[in-house]
Amino acid sequence: MNLLAELKENLTDPVVSRAAYYVDENPEKTRVALEGLIHTVVAGLMKRTTTEIGVNQLYNAIQKGKFDANLVATFPELLRDPEQINRLADQGSNSISHLLPAMKSAIGLAISGYANIKNSAAITLLGLVTPLVLGTLNKLVVEKKLDADSLAALLADQRDHLIELTPERLLDRIAEGLNIQQLLAVGVTPAKRTGMAERSPVQERQRFAPEPEEEGNGSLVKWGVGALALLALAGAAYYIWNNTQSYSSANEEEATSTEFVDSAAIAPVDSAKIRPALAARTDSTTLPGSGTVTSPIMTAMANYLTNPQAPAGRSFRVPALDFEPGTDQLKPAGVATVGELSTLLKNNPVVQIRLVGYANDAVPPMGNKALSVTRVLNIKNQLIKSGINYIRIDAIGLGTGVKPGDSTAIGKPRLKQIDVKVVIK
């Protein structure tokens, strides 16, 4: 099926007109933005299903979320009431933050530039489009009785429609903003949920036939068994209570961070295949320099993060995040800087960042794109090992940063450069 075409059927003239009035934009530009957002959200969800955690999270959000077929049917009527629009946009914004963490800002910038509307309008329209997409997927799950793997396969099948129906200038923005160049080039392979693997049948245990007790010892044995049973029950009760408390604390911590999830899916190259040693490095849970912020660039970032008037979206070029030539191995000064970045993130628990890497010093057979990816993933892995929740860190590698055919950029390559962009603050 063509999910894009089905979704765009909901963009009737009254719907577009009411959305345009709500965001104070031209109706024609609003239609361009809404259609572009449909393509972008579908592309993002398509990418989301390339990891097992993404498949499970999307399916759970659709099954347990507030968006269903009824919302799709009443969508035009909901846009008549400003209060309903506010509620819908807020719920949609929270959902997209949960499903595509640290991507909302990139989507807003891509669509505002594509449709020539305000960035704030693009973000609001994203909040309206998300319930429409999730509600339609919910309807398909119910009607076609899809499980999580079938839903992932359905989204993977949208790749050809996405390439065929998306205007070229929007496709370029989507590919760069969501970092899905490789998915578009080679296709999508949705992850399979290992937790749903078929289990071997449980064999019935052989019945235990107790031997006759010796007279005089029977009471003692029974008392001993009873005492052991009580101790086991007490231990089990304590274990359950302790884990319940830990689970509640974890949920409270996540609730303070409104944006959610795995950004390992953004990597266009499997770093484990490129650099098998990467996973084996940096096993410690602390980093040199953690606990203090002394470098000028980190001090500037700290001041920016604590300034409530400064909007999110600023990027910081961090020269100290330097690597050994042709490798993803940080130099000692770079490891210390990662420690300072970890401290900043711990001191600002709501902040989410995007690591953007560039490289032009790759040694064949590795390419510059792959090297830039492994470098930012190395930094991300170190931050995670230092105690930062992985859902707060997005990471993309852009190779040399020079697009093919761009003669203006020749001679100005970015060597071993890492930018830290503050997406949420």
Practice problem: With unit charges on the beta carbon (Lys/Arg positive, Asp/Glu negative), name the residue among ILE53, ALA43, ASN26 whose Cα is farthest towards the positive pole of the charge dipole of the stretch 12-77. | Solution: ILE53
Quiz item: Given 20 °C and 1.002 mPa s, how large is the Stokes-Einstein diffusion coefficient of the stretch 128-189 in µm²/s, with Rh as the Kirkwood radius over Cα pairs?
Solution: 165 µm²/s
Quiz item: For the pair ARG169 and LYS64, how long in nm is the line joining their label points, each one 7 Å along Cα→Cβ?
Solution: 4.3 nm
Quiz item: For the stretch 1-143, what is the charge dipole size about the Cα centre, in debye to the nearest 20, if Lys and Arg each add +1 at the Cβ and Asp and Glu each add -1 at the Cβ?
Solution: 340 debye
Practice problem: Please sort by residue number the GluC sites (Glu not before Pro) in the stretch 1-33 whose DSSP state is loop and whose Cβ has at most 16 other Cβ atoms within 10 Å. | Solution: GLU9
Quiz item: Once amide H atoms are placed 1.01 Å from N in the peptide plane, what residues at a sequence separation of 5 or more from GLY397, or on another chain, have their amide H within under 5 Å of its amide H?
Solution: GLY357
Exercise. Could you run the Karplus curve 6.51 cos²θ - 1.76 cosθ + 1.60 with θ = phi - 60° over the stretch 375-391 and give me ³J(HN,Hα) per residue in whole Hz, x for Gly and Pro?
Key: 5, 5, 5, 4, 5, 4, 4, 5, 5, 5, 5, 7, x, 8, 5, 4, 6
Quiz item: In Å, the Kirkwood hydrodynamic radius of the stretch 71-110 over pairs of distinct alpha carbons?
Solution: 11.2 Å
Quiz item: If you average the sequence gap of Cα pairs under 8 Å that are 6 or more apart and divide by the length of the stretch 53-167, what percent do you get for the contact order?
Solution: 37 percent
Quiz prompt | Distant alpha-carbon pairs in the stretch 286-393 (separation over 15 angstrom), percent | solution = 63 percent
Practice problem: Per residue of the stretch 343-359, in order, report the coupling 6.51 cos²θ - 1.76 cosθ + 1.60 (Karplus, θ = phi - 60°) as ³J(HN,Hα) in whole Hz, putting x for Gly and Pro. | Solution: 4, 4, 5, 5, 6, 10, x, 8, 5, 10, 10, 10, 8, 10, x, 10, 7
Quiz prompt | Surface/4 of the Cα convex hull for the stretch 1-152, nm² | solution = 8.0 nm²
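Values quoted throughout were computed directly from the atomic coordinates according to the rules given, and no laboratory measurement underlies them. Bear in mind the structure is a predicted one, so any value in this text is a computation, not a measurement. Because the Cβ atoms are built from the backbone with ideal geometry, glycine has one as well, and the counts that use them run over all protein chains shown.
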